[in-house]
Structure formats: C-alpha cells, structure tokens
Amino acid sequence: MIIDFHTHIFPKAIRENRQNYFPDESAFKLLYSPPGSKLVGATEIVASMDDQGVDKSVVFGFPWKTKETFQAQNDYIMEVVAKYPDRLIGLCCFDPSHREAVPETERCIKGGLSGIGEIAFYESGIDDTALDKLSPLMEICRDRDLPFLIHTNEPVGHIYPGKTPNTLKQIYDLIKRFPENKIVLAHWGGGIFFFNLLKKDVKERLENVYFDTAASPFLYDPQIYRYAKEIAGLDKILFGSDFPLLKPARYFKELEKTGLPQDEIESICGRNAARLLKL
C-alpha cells in the first residue's frame, strides 16, 4: 500500500477566489500568490492518486488565521474524507494561536479527522510563544494517540516561499517540550535527524518523531533516503509529496536511484504511515 502523508487540498471557494483571502492571510499570500502556485480539490487529488498508483493520501489545508476560513476548510476536509473513506485521511488545520483552536480540534476529531496538521509558523518560527500555543493541542493528540504534523525547514541554504525562520534549536525545543507526542516533522525535519549521531540526549528525544519527505526533490539529493535510514531509522521515514507542488512519481523515481531494496522502499512509501495511522 502506498500512502502519501503530506498533501494539500482546498474547497472550491478558495480555489477559485484565492485573492480574496490575501488581505487577512499574509502567510497564505506568501505561498499562493506567486504565479504557478497550484490549488486543487478532492476530485483532482483522487484522480492523481489513481494515475500515480497511490492508495491513500493524508489531506489537509492551511493554518488559517480567520475562524470562518479554517472552519470552512476543515468542514471540507471532513466532507471529502466521508466521501472517499478508503482513499483520504484528514487532518485539521488552523492557526494554533486562535482562541478557538482547542474546540475546533475537538470538533474535527469528532467529525472523523485523524490528527492535526500541517501546522506552520511561517512568519515567527517555532518560538516559545508558539510552543505555549501548541501545548493544549499536543495534549489532545497525545491523549488520543493521534499524529501531529508540523512544518519545519532547513535553517540554511536558498530562500523560497514558505521557508520559515525556524532554527534547529527551536525544532529541538519542540521535540523536548512534547516527548510523548507522535510528531511528524515535515520536509525531513529541517535535517535535525542528523544529530541522532550524537552519543547523548538526542536519540532518546527523537524516539516518537517521524520525518516526511515533502518537497525533497527540491531540497535534497536522493542520497538523503539512505542517510536518513542509517541515522534516523527506516521506520521513521514517511513518504509525503506536498501535492500538488509535486507529483508522487517524482519521488518514486528518486527512490529508484537510492539503491534501497524494494521492501525498504515499500516501508517508506506506505507501511510506516499505515503503522502510525493504525490502519
């Protein structure tokens, strides 16, 4: 089974009128105002899954600041998960600093969603204030044994839309703050898994942490899969395409270049996610 752990879909109102959301949603404008940035819905992702050989996708929207927008987005995710129960698995998403974040999480989990994500701090980084806002949300996921997907990125290298000012220390502070949570760090966790080679502290801290591969072809050489297997552990790698940014086939071609045996590729592309999601 192939499971894409990282995809974005949006309801029709947002897809067809994105510019209407830019004034109140600066981070959304940052990511989706550039020419060529794509917005798709459930019909498009299911069609792509059929074409690309993907069995299930984890779908979510964007960490909207506005209550009406994130509720409409999460309603859409619940609607399409109910429509395609064998294909789509939903996460709820919103700005965690909003006063309605906790009740919205409860509402969405009751409505059939399977965790929280992709939460992102595009403008602030994962600072202490962000950690405080995440605390009650992490508690909900911890108590229900649900995954929490959070945007991270490498703190060096080229600049691109959506690259946050997070630091490795901030990512590590996040992990230390919530040791009992099953945390998925998007985009290879900004490379923090490399520090699993340290003799003390880090390896134990990363016990419940997973790393998705979203945008990997834009960020890393294909050898990262082999390094991540050796350093973080094969079972911690989750295939995520960041669709519609990239199609899954791009990742499958890169995996073929790694020299990993087929059973290990199958673990990355689905078995690890199935275990985490308790499928």
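Points to keep in mind about this one:
- Any chance VAL40 is part of a strand (DSSP E or B), under 18 Å from the mean Cα position of the chain (by Cα) and closer than 27 Å to LYS253 by Cα: no
- Any chance LEU260 is part of a loop (DSSP other than H, G, I, E, B) and either of a type in the set (Val, Ile, Thr) or farther than 26 Å from ILE109 by Cα (or both): yes
- SER135 being hydroxyl-bearing (Ser, Thr, Tyr), loosely packed, with under 14 Cβ neighbours inside 10 Å and under 25 Å from TYR172 (Cβ atoms): yes
- Of all the residues in the stretch 121-136, those that are in contact with a helix residue (DSSP H, G or I) (Cβ under 6 Å, 6 or more places away or on another chain) and at pLDDT 95 or above number 4.
- On the stretch given as the stretch 1-24, residues that are in contact with a Phe, Trp or Tyr (Cβ under 6 Å, 6 or more places away or on another chain) and not in a strand (DSSP E or B) total 3.
- Test: residue in the stretch 184-205 that is surrounded by fewer than 17 Cβ atoms within 10 Å (Cβ to Cβ), of a type outside the set (Gly, Ala, Ser), within 28 Å of THR258 (Cβ to Cβ) and in contact with a Lys or Arg (Cβ under 7 Å, 6 or more places away or on another chain): yes
- Every residue from the stretch 251-279 that is surrounded by fewer than 16 Cβ atoms within 10 Å (Cβ to Cβ) and either among the aliphatic types (A, V, I, L, M) or within 19 Å of the chain's Cα centre (by Cα) (or both): ALA274, ARG275, LYS278, LEU279
- Boolean, TYR225 is over 17 Å from ASP55 (Cα atoms), surrounded by 15 or more Cβ atoms within 10 Å (Cβ to Cβ) and in contact with a Gly (Cβ under 9 Å, 6 or more places away or on another chain): no
- For the residues ILE171, ILE175, the requirement of being farther than 17 Å from ASP55 by Cα, at pLDDT 95 or above and surrounded by fewer than 21 Cβ atoms within 10 Å (Cβ to Cβ) singles out ILE175.
- Checking each residue in the stretch 43-70 for being touching a residue at least 24 places away in the same chain (Cβ under 8 Å) and either aromatic (Phe, Trp, Tyr) or part of a helix (DSSP H, G or I) (or both) picks out GLU44, ILE45, VAL46, SER48, MET49, GLN52, PHE60, PHE62, TRP64, LYS67, THR69, PHE70.
- The residues listed here are ALA47, ALA42; of these, the one that is under 23 Å from THR213 (Cβ atoms), out of contact with any Phe, Trp or Tyr (no Cβ under 6 Å at 6 or more places or on another chain), crowded, with 20+ Cβ neighbours inside 10 Å and of a type in the set (Gly, Ala, Ser) is ALA42.
- Index of the failed condition, GLN73 passing every other in (1) touching a residue at least 60 places away in the same chain (Cβ under 8 Å); (2) within 17 Å of VAL184 (Cα to Cα); (3) buried (at least 21 other Cβ atoms within 10 Å of the Cβ): (2)
- Checked against the criteria, PHE22 does not count as more than 25 Å from ILE268 (Cβ to Cβ), buried (at least 20 other Cβ atoms within 10 Å of the Cβ) and either free of Cβ contacts under 8 Å to residues at least 40 places away in the same chain or out of contact with any strand residue (DSSP E or B) (no Cβ under 9 Å at 6 or more places or on another chain) (or both).
The values are calculated or read from the model by the stated rules, or taken from the named source; none is laboratory data. In this text, all values refer to a predicted model and were calculated from it rather than measured experimentally. Glycine also receives a Cβ, built like all others from the backbone with ideal geometry; neighbour counts cover every protein chain displayed.
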